[in-house]
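Everything below concerns the one structure shown next.
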Amino acid sequence: MTVRNPQPRPRHLLGATLIVSLAIGLPGQPALAGQFNSVDLSAGANAVTGASAEAGALARAFDTAAARYGVPRDLLVALGYSETRLDGHAGAPSASAGYGVMHLTSNPKQRTLDEAAALTGLHRDTLRTDSVANVTGAAAVLRSYADAAGLTAAQRGDINHWYGPVIRYGGASTPAVARLYADTVYEMLGTGINAGTADGPVQVAPRKVAPDRGALAGVAPLGSSGGVGIMSTDYGPAAWAPAHSANYTVSSRESSYPINYVVIHVTQGSYAGTVSWFQNPASGVSAHYTVRSSDGAVTQSVREKDIGHHAGNWTYNTQSIGIEHEGYVTQPSWFTDAMYRSSAALTRHLTTRYGIPRDRSRIIGHNQVPGATHTDPGQHWNWTYYMQLVTGGTTPPPTGWTTTVDNSTSGRFTASASWGTSTYSSQKNGVDYRYASTVESSDPAWYKVNIPETASYRVEAWYPDDPGYNSSAPYIIVTPSGNQTVYVDQRSGGGAWRNLGTFTLAAGDANKVGVSRWTGGTGLVIADAIRISRV
């Protein structure tokens with residue numbers, strides 16, 4: 001994508017320009033081509049290869065590259081961590097032909113590897129296999145995108161202004177997926193990073209972030225109920241982000257073919273990157289569903305009636321549903337409990353719907369497909385645990401369990417005296433709702449819920465909307481692996497249940513969802529009602 005106007009422009013135009021670029025795929029050359037050639041990597045390379053046991057070697061590579069190209073160091077780390085967990089996989093490519101800790105790509109649509117080579121003068125092989133070079137190349141590419149977007153020196157100094165360059169780096173095909181990609185990076189900045197790597201630890205301290213999304217602020221996050229990011233019609237908890245028509249075959253299953261298998265895959269890439277790759281007509285591949293590592297969120301890309309191109313065997317493609325799981329086969333840290341439980345809930349749904357036996361002859365790995373050249377899901381996938389979840393060995397509560405907590409539900413809602421009460425909006429749930437101004441402390445309003453069993457649940461929020469309400473209200477979801485925060489624009493989409501996502505919630509009666517006052521958004525924060533449903 002190329003942004004045609006390299007001059008500084010008002011901040012509200014940045015997102016609009018990016019959306020135009022997403023829509024029409026403008027070709028172009030990096031703005032800084034040739035300006036940063038002849039990069040000397042000898043000191044950094046020696047630090048990593050000659051003293052890999054020394055803590056912080058990779059961290060110093062980030063420091064050096066960020067300083068050289070004027071890119072925020074923590075942003076650079078967060079982007080790499082969201083793509084690869086800072087593992088270069090010995091130079092092996094991802095499914096979308098991305099390389100190294102920063103996932104520099106070389107595919108028909110996205111060529112950040114080639115751009116990095118032109119900007120730094122480094123050889124493509126070096127950029128693919130050397131972590132220091134890879135980080136350097138990514139910093140050069142990001143800086144070129146910032147200049148093409150017209151960011152001033154002052155704006156480059158504010159991490160929140162880099163949202164547009166991050167979107168361009170990700171190469172998403174649609175605004176909803178672009179926002180998913182960039183929001184993931186900024187969520188990493190908000191929660192902080194403490195990564196142990198082969199080249200030493202890399203850390204990012206948590207911070208308050210308020211990314212300048214430009215026109216993408218008006219694009220509903222993938223899977224929300226705001227009218228842009230829509231939900232799947234096949235599987236309620238899933239978001240819908242359709243694959244390109246070149247990447248699957250339209251069909252009328254089960255009239256045309258029986259559905260006899262569920263095939264388990266690992267993406268060899270990130271969640272957002274995989275969803276985007278399925279939308280790329282050059283990829284030639286697609287799966288029906290993709291599951292995120294951090295929280296088990298699910299996106300559907302191909303309707304169940306249609307044939308995904310995922311198994312590498314036409315007969316199995318016609319008779320199966322493919323489920324991708326974010327991560328890499330060599331890194332067990334991607335396979336979280338939230339991912340296992342969410343995926344197992346989906347597989348239970350599929351096996352029930354199509355009468356598929358719940359055994360390992362019908363729920364199979366990609367490596368079990370006849371003629372397969374892939375090894376996923378690999379040795380780190382815990383088939384024993386997964387099949388226990390699928391067959392109900394953990395005695396999950398019945399699908400369909402749901403509970404609603406309103407701000408007026410006795411004994412179930414707590415908030416400090418700083419939260420006021422209002423009956424102003426006709427969109428309220430119940431008799432009233434609560435409101436508070438923003439402040440640099442959390443002071444959350446809490447919803448207490450008695451969860452019957454540790455499992456995957458869909459969390460939804462109800463609030464009235466108003467132009468004076470908050471543009472980025474933080475909803476806190478308490479999970480066994482830590483609090484997850486979802487930001488909601490309460491200026492629109494109110495008066496209905498809005499899906500915040502699918503999360504693993506622990507059994508027990510405790511505060512499970514909160515609404516915080518600490519946000520970079522503007523306007524009053526609203527706390528009305530939440531609904532939690534077993535999936």
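Read-outs: derived from the displayed coordinates by stated rules, not from any lab. Since this is a predicted model, take the numbers as computed values, not measurements. Cβ sites come from the backbone with ideal geometry, for glycine too, and all protein chains shown count toward neighbours.
Sparse packing (at most 13 other Cβ atoms within 10 Å of the Cβ) combined with a DSSP loop state is found for none of the chymotrypsin sites (Phe, Trp or Tyr not before Pro) in segment 442-477. The helix-based estimate of mean residue ellipticity at 222 nm for the chain, built from -39,500 (n - 2.57) per DSSP H run of four or more residues and divided by its residue count, is -8500 deg cm²/dmol to the nearest 500.
Of the residues 414, 349, 86, the one whose Cα sits farthest toward the positive end of the charge dipole of the chain, with +1 on the Cβ of Lys and Arg and -1 on the Cβ of Asp and Glu, is 349.
With an a/c value under 1.5 for the gyration tensor axes a ≥ b ≥ c computed over the alpha-carbon atoms, segment 239-391 is described as rounded. Counting only residues at least eight positions apart within a chain, or on another chain, the lysines with an alpha carbon under 16 Å from that of residue 448 are 512. The longest stretch of the chain left intact once loop-based GluC sites (Glu not before Pro) with at most 13 other Cβ atoms within 10 Å are removed from consideration, loops following DSSP, is 55-439. Decide, for the chain, between rounded, prolate and oblate: order the square roots of the alpha carbon gyration tensor eigenvalues as a ≥ b ≥ c, take rounded if a/c falls under 1.5, and otherwise choose prolate if a/b is larger than b/c, else oblate. In terms of gyration-tensor shape, oblate. Taking the Cα centre of segment 402-534 as reference, the dipole from Cβ charges on Lys and Arg (+1) and Asp and Glu (-1) amounts to some 220 debye.
Ordering 166, 456, 372 by Cα displacement along the dipole of the chain toward the positive end leaves 456 in first place; charges were set at the Cβ atoms of Lys, Arg (+1) and Asp, Glu (-1).
Could you tell me which helices of the chain pass both thresholds, a Cα extent of 15 Å or more along their own axis and a mean Kyte-Doolittle hydropathy of at least 1.0, with helices taken as whole DSSP H runs? Those that clear 15 Å and a mean of 1.0 are 11-24. The distance linking segment 205-220 with segment 262-339 is 27 Å (Cα centroid to Cα centroid, whole angstrom). With the biggest extent put first, the Cα atoms of segment 53-190 measure 34, 33, 28 Å across the principal axes.
In a reduced charge model with +1 at each Lys and Arg Cβ and -1 at each Asp and Glu Cβ, segment 284-339 shows a dipole moment near 160 debye about its Cα centre.
Averaging Cα coordinates gives a centre for segment 437-455 and one for segment 458-535; these two points are 9 Å apart. Using the Cα gyration tensor of segment 402-534, with a ≥ b ≥ c the square roots of its eigenvalues, what is the shape: rounded (a/c below 1.5), prolate (a/b larger than b/c) or oblate (neither)? Prolate shape, in that a/c is at least 1.5 and a/b is the bigger ratio.
Loop-resident trypsin sites (Lys or Arg not before Pro) (DSSP state other than H, G, I, E or B) in segment 209-311 with no more than 16 further Cβ atoms inside 10 Å of their Cβ: 305. Taken about its Cα centre, the chain carries a charge dipole of roughly 620 debye when the Cβ of each Lys and Arg holds +1 and the Cβ of each Asp and Glu holds -1.
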